1. Can you tell which of Q84, I113, F96 lies farthest toward the positive end of the dipole of segment 80-120, using +1 and -1 charges on the Cβ of basic and acidic side chains (Lys, Arg; Asp, Glu)?
2. Leaving out ligands, DNA and RNA, what percent of the accessible area of segment 24-89 is carbon and sulfur, probe 1.4 Å?
3. Averaged across orientations, what area in nm² does the convex hull of the alpha carbons in segment 1-129 project?
4. Show which aspartates and glutamates lie in cross-link reach of K4 when reach means a straight Cα distance below 15 angstrom and same-chain residues fewer than eight apart are skipped.
5. Magnitude of the Cβ-charge dipole of segment 101-177, K/R +1 and D/E -1, about the Cα centre, nearest 20 debye?
6. Hey, can you rank 168-174, 119-125 by average C-beta count inside 10 Å, highest first?
7. With only Lys, Arg, Asp and Glu charged, each at its Cβ (+1 for the first two, -1 for the last two), find how big the charge dipole of the chain is about the Cα centre; round to the nearest 20 debye.
8. If you average the alpha carbon positions of segment 61-100 and of segment 108-177, how far apart do those two centres end up, in angstrom?
Amino acid sequence: MENKSSIEQILDGKDNTLVYKTRPSIALSILLIVSGALFIALNNKLSDSPGSIIPPLFTVIGLGLLGWGIVSIFIRKTKYKLIQNKKEIFFYDIFFDIKERERLINVMKERNIPELKNLKTSGIDSLKLRVAATSDGGFCLSQVLNYVPYEYINMNEVCQHTPEEAKVILEIRKNRE
């Protein structure tokens, strides 16, 4: 079986002139670390009053802010945005019954998107249509994924949809929630 590129690999591609990748600034993380350090330093100034609950409270708040700041430096969510209008691209999953696999692949191959409404959905995530789209449907990519033990396998190539097709897909997603 040949390897098919995922939506994320397409969006990360070097020749991509439609989308860019962003990550939040670390300014908030640094602010949290500085605030935590200030609370701990302020605790040292207030530790002269015995029996007060304020110094231990400031220590706990300071350590919490310090920990949150350090963790948030390393864990920042990657977002994709369109170059033209700076709209964010969101990822959605629509789950279908595994018995509908061939029909779903054919619908996507033939680009007969309204036929998606007739396919049986499922609560079990063994077959899914992964969608990356802006909220207005101006940009939309989709791909069928099938779950085999411990991983999802891309069943078709990534499809780029017209705004009309995207609106149908987003409507199906909205109705299935």
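1. After comparing all options, I get Q84.
2. 73 percent
3. 13.9 nm²
4. Here the aspartates and glutamates satisfying the reach criterion relative to K4 are D12, E151, E157.
5. Taking the Cα centre of segment 101-177 as origin, the dipole is about 200 debye.
6. In descending order of packing, they fall as 168-174, 119-125.
7. 280 debye
8. If we compute the Cα centre of each part, the gap is 20 Å.
The values are calculated or read from the model by the stated rules, or taken from the named source; none is laboratory data. Since we're looking at a predicted model, the values are computed, not measured. Here the Cβ is made from the backbone with ideal geometry for all residues, glycine too, and neighbour counts use every protein chain on show. In case anyone asks, the SASA skips ligands and DNA or RNA and just uses the protein heavy atoms, side chains included. Shrake-Rupley method; radii C 1.70, N 1.55, O 1.52, S 1.80 Å.
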